[in-house]
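First comes the structure, then the notes that go with it.
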There are 2 protein chains.
Amino acid sequence: MSNINISIPKGTRDFLPSQMMSRNYVFAVIRSAFERFGFVPIETPSMENLSTLMGKYGEEGDRLLFKILNSGNFLQNIDFTETNQNKIASQLCEKGLRYDLTVPFARFVVQHYNELTFPFKRYQIQTVWRADRPQKGRYREFYQCDADIIGSDSLLNEWELMQLIDDVFSALKLNVCLKMNNRKILAGIAQMANCSDKLSEITVAIDKLDKIGLENVCKELKERQIEQQSIDKLLPILTLGGTNEEKIAKLKKNLPNSDIGYKGIEEMEEIFKYAQSVDFKLNMDIQLDLSLARGLNYYTGAIFEVVSKDVQIGSITGGGRYDNLTGIFGLQNMSGVGISFGIERIFDVMQQIHPQINSVENQSLAMFVNFGKKETVYCLNALKKMREEGINAEIYPDSAKMQKQFKYADSKGIPFVIIAGENEIKESLFALKNMQSGEQNILNLEEIINQIKNIKQ
Amino acid sequence: MSNINISIPKGTRDFLPSQMMSRNYVFAVIRSAFERFGFVPIETPSMENLSTLMGKYGEEGDRLLFKILNSGNFLQNIDFTETNQNKIASQLCEKGLRYDLTVPFARFVVQHYNELTFPFKRYQIQTVWRADRPQKGRYREFYQCDADIIGSDSLLNEWELMQLIDDVFSALKLNVCLKMNNRKILAGIAQMANCSDKLSEITVAIDKLDKIGLENVCKELKERQIEQQSIDKLLPILTLGGTNEEKIAKLKKNLPNSDIGYKGIEEMEEIFKYAQSVDFKLNMDIQLDLSLARGLNYYTGAIFEVVSKDVQIGSITGGGRYDNLTGIFGLQNMSGVGISFGIERIFDVMQQIHPQINSVENQSLAMFVNFGKKETVYCLNALKKMREEGINAEIYPDSAKMQKQFKYADSKGIPFVIIAGENEIKESLFALKNMQSGEQNILNLEEIINQIKNIKQ
């Protein structure tokens, strides 16, 4: 058919209608939950100034930013004697593509501070780009779905996010487990083990416990210059068993002299108290998991992660409390708590657990067969009336062979086909064929509309 | 507050919640109309290979593509003795950002040919990027909303797009005029004026009639090497007056020997016949405007444009029939017809004509006042119940001063505030305050839910 080499850049995807329908179903569930909880939408540009993005995601992150070549005479400022790639890149490019939604949100809050009412509850569903090595389940362009409440340090917000998790995953009919921890407790544990100065190294290492196991975490802790004495104190606490209440009781005993640790314990107690006062829809295990650390270093309080009970795919949602997200842009002391639904992984889980679910209501419910110009004109008014009644419907545009027209309806999953031949037209009726049962009835338009509306509900 | 210079790249925009709500309203109207007409969604990547994009939009278009710096060692292939900017750019960059949705759609159809059922009715709502000089109403990042029916040459598809225009603009309550023409008629007119070889120059020039006037069009035609003799023949036809029927009758007389011209006339007659057989909701003037040309050179049949009757802003929607869109990627003879809603201009018109309209239903309808921990726990179950009933609701997270909490509800446009003090809690009741009327009633939860649901309808 074609001898032209057509393809898309590696790590990017086209979405076919069938994929779009399942994706749109998940997006709609999350968007509707965000709105039911009082979050309002914002959007930020795909491109940010590189000065906004650089240095916010670590060295690795800087490397993974997609940079956009300056337009116009982009060569005029280049120093060709320069041999450092990064320096030349920054001469060639002023803008980069969004790497996540968090830094743009922080920039947005600072830039529009006077136009916003705090506490500000925003949600944002947009694509982000990372020049990562593409591999199964990892793309260079993907969506993020974030919600944050910023400008309030009330722990009620943490409860709201727990309710939101319950709302979304019960609507998606997925069994999940909610793991929680608190950065202040981790700080307290580090204090108790005499390695407070190494908190960030400790969190990075223990964050991998699930993936690499206890032995390798110990190895990594050693590599990161944590003394054996400290490791021996850390590990029994980080791997503490029992119910949440038992863990809290043991922590209280073990961290008696750590103010920050105790603050973290109190926070979790208050959050759990709210959680117990209102039922969840899901039978969602809520586990205080003291080895949960989450890599990002802006978290300062409660942190959490959601994992599927049925599919081994890692965290499908995560988030936490931060005290100074906007500090990088000069606005201090804005406490907030945020959640990010890992939408691409959630799609993967849905594909495995509920492969059939999609937004069926958004597809055509009826197709008029096309017998030729005369019959068509008879159908057009019925088609219009049907759409006015809110029914998605279409007419096959060409008077092709019946078989071809039915094949079209079938491949599009259209449940009803409507036929009007000479006899039906004479009596102002139509033949309605149910594509699944094969049943066919001669009806008037009103009856047809009612029958299709019934299937819609 | 901040001494850090924060900004976004020129020509890009942040959208605040209030803007998002009006934008989302318009998007929802268009998306719902697309689906009611049987169009199915697709998405393509933001980035395409530059080999897919280059040469498809003319020289000017190539210049306006945003190019993405290759990741990794981007300097390794550069020939620094090269002085041609474009050549260096193509060594530095393999990928570019989407310039429109049409070329990616053509690429998609060819690449996924075997996975699609034809006629293929797709819609696509995504952002595009152009490195244009930013000015009022012109952005470097903006949305396009396109629908196409490809793989069918039936003129019923043109009628469908006319119905779609009627559906969308009647839902948006905008008065519009629909201008139509046919590229085959233009070809016939060029033939009659002995300048068939200059059809593309003629369309570019007469397309500007509205903007620059008749005299300047003549001047441009001359500059584009059209002979005076030809211009004298062209102009009386291009500016033909009268009803559509009168214009068609005059055309038939004036283009007796042009097969292609006559074919165009017949096409328009058939399209108008379909249009007359079914009422439009809008009192939409449908004008056969023989000076309508539309710049893009892939159109081959009917072309159309929608203009607002109330706001002078140029075309707010346009489209037409093409016979060989996918030819550039090696797939011949795929006839199709497409429409593009100029969503950013439609927003501007809506802002002027219906400044109040937005998707109110997506915002919070009720806020619980926060009196402190004890009262809060009483409210949380009510809040959850309300959300389960599909009501968007929230609780103020901090037990701040009443005034502050009411100001928050007010600035967010929340119509109801719910208060539970000691007395209400004792009797399992709540005080419901209507923020607009100031009225306040003591009610039970069920009564409150009913009252809020009533305002929702």
**Prompt:** Considering the stretch B:114-130 alone, what residues qualify as being open to solvent by 20 Å² or more (accessible area, probe 1.4 Å) and facing chain A (nearest Cβ under 7 Å)?
**Reply:** B:E115, B:T117, B:T127
**Request:** Check the stretch A:165-174 and report whether any residue there is touching a Leu at 6+ places or on another chain (Cβ under 8 Å) and hydroxyl-bearing (S, T, Y).
**Result:** yes
**Prompt:** For the stretch B:249-333, list the strands (runs of 3 or more DSSP E) that sit wholly inside it and hold at least 1 residues that are surrounded by 15 or more Cβ atoms within 10 Å (Cβ to Cβ) and of a type in the set (F, W, Y); which are they?
**Reply:** B:299-308, B:315-322
**Fill in**
Flagged pairs (Cβ under 7 angstrom, 6 or more apart or on separate chains; first in the stretch B:446-457, more than 12 Å from B:V417 (Cα to Cα); second open to solvent by 60 Å² or more (accessible area, probe 1.4 Å) and in a helix (DSSP H, G or I)) are B:K456/B:E361
**Message:** Show me the helices (runs of 4 or more DSSP H) entirely contained within the stretch A:378-457 in which 1 or more residues are in contact with a helix residue (DSSP H, G or I) (Cβ under 7 Å, 6 or more places away or on another chain).
**Reply:** A:422-426, A:445-456
**Prompt:** Which pairs do you get when a residue that is touching a residue at least 60 places away in the same chain (Cβ under 8 Å), found in the stretch A:188-201, comes within reach of a residue that is among the aliphatic types (A, V, I, L, M) and not in a helix (DSSP H, G or I), reach meaning Cβ atoms under 9 angstrom, with the pair 6+ apart or on two chains?
**Reply:** A:G188/A:L255; A:I189/A:L255; A:I189/A:L290; A:Q191/A:L255; A:M192/A:L255
**Asked** If we scan the stretch B:336-354, do we find a residue that is polar (S, T, N, Q), closer than 30 Å to B:V103 by Cα and away from chain A (no Cβ under 11 Å)?
**Response** yes
**Asked** Out of the stretch B:131-145, which residues are charged (D, E, K, R) and crowded, with 22+ Cβ neighbours inside 10 Å?
**Response** B:R140
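Condition check ((1) surrounded by fewer than 19 Cβ atoms within 10 Å (Cβ to Cβ); (2) within 7 Å of chain A (Cβ to nearest Cβ)) across all residues:
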site	(1), (2)
B:I8	no, yes
B:S18	yes, no
B:M21	no, no
B:R36	no, yes
B:P41	no, yes
B:L50	no, no
**Asked** Do the conditions hold for A:N194, that is, is it surrounded by fewer than 21 Cβ atoms within 10 Å (Cβ to Cβ), assigned to a loop (DSSP other than H, G, I, E, B) and in the same structural domain as A:N283 (by TED's automatic domain parsing)?
**Response** yes
**Prompt:** Mind checking whether some residue in the stretch A:151-168 is touching a residue at least 40 places away in the same chain (Cβ under 8 Å), touching an Asp or Glu at 6+ places or on another chain (Cβ under 7 Å) and crowded, with 19+ Cβ neighbours inside 10 Å?
**Reply:** yes
**the stretch A:141-186, residues that are in a helix (DSSP H, G or I), out of contact with any helix residue (DSSP H, G or I) (no Cβ under 8 Å at 6 or more places or on another chain) and within 14 Å of another protein chain (Cβ to nearest Cβ)** = A:N157, A:E160, A:L161, A:I165, A:D166, A:S170
**Message:** If the requirement is being among the acidic types (D, E), in contact with a strand residue (DSSP E or B) (Cβ under 9 Å, 6 or more places away or on another chain) and in the same structural domain as B:R138 (by TED's automatic domain parsing), which of these qualifies: B:E344, B:E394?
**Reply:** B:E344
**Prompt:** If you scan the stretch B:215-249, which residues turn out to be touching a residue at least 12 places away in the same chain (Cβ under 8 Å) and farther than 18 Å from B:L199 by Cα?
**Reply:** B:L240, B:N244, B:K247, B:I248
**Those residues of the stretch B:90-110 which are touching a helix residue (DSSP H, G or I) at 6+ places or on another chain (Cβ under 9 Å) and free of Cβ contacts under 8 Å to residues at least 40 places away in the same chain, in sequence order** = B:L92
**Prompt:** With the stretch A:1-114 as the region, which helices (runs of 4 or more DSSP H) entirely inside it contain at least 1 residues that are of a type outside the set (S, T, N, Q) and over 29 Å from A:E158 (Cα atoms)?
**Reply:** A:17-36, A:50-53, A:58-64, A:85-92
**Prompt:** Pick from the stretch B:207-216 the residues that are in a helix (DSSP H, G or I) and out of contact with any helix residue (DSSP H, G or I) (no Cβ under 6 Å at 6 or more places or on another chain): which of them is least open to solvent (accessible area, probe 1.4 Å)?
**Reply:** B:G213
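The values are calculated or read from the model by the stated rules, or taken from the named source; none is laboratory data. Because the structure is a prediction, the values reported are computed rather than measured. Cβ atoms come from the backbone with ideal geometry, glycine included; neighbour counts cover every protein chain shown. Accessible surface areas use protein heavy atoms only, side chains included; no ligands, DNA or RNA. Shrake-Rupley method; radii C 1.70, N 1.55, O 1.52, S 1.80 Å.
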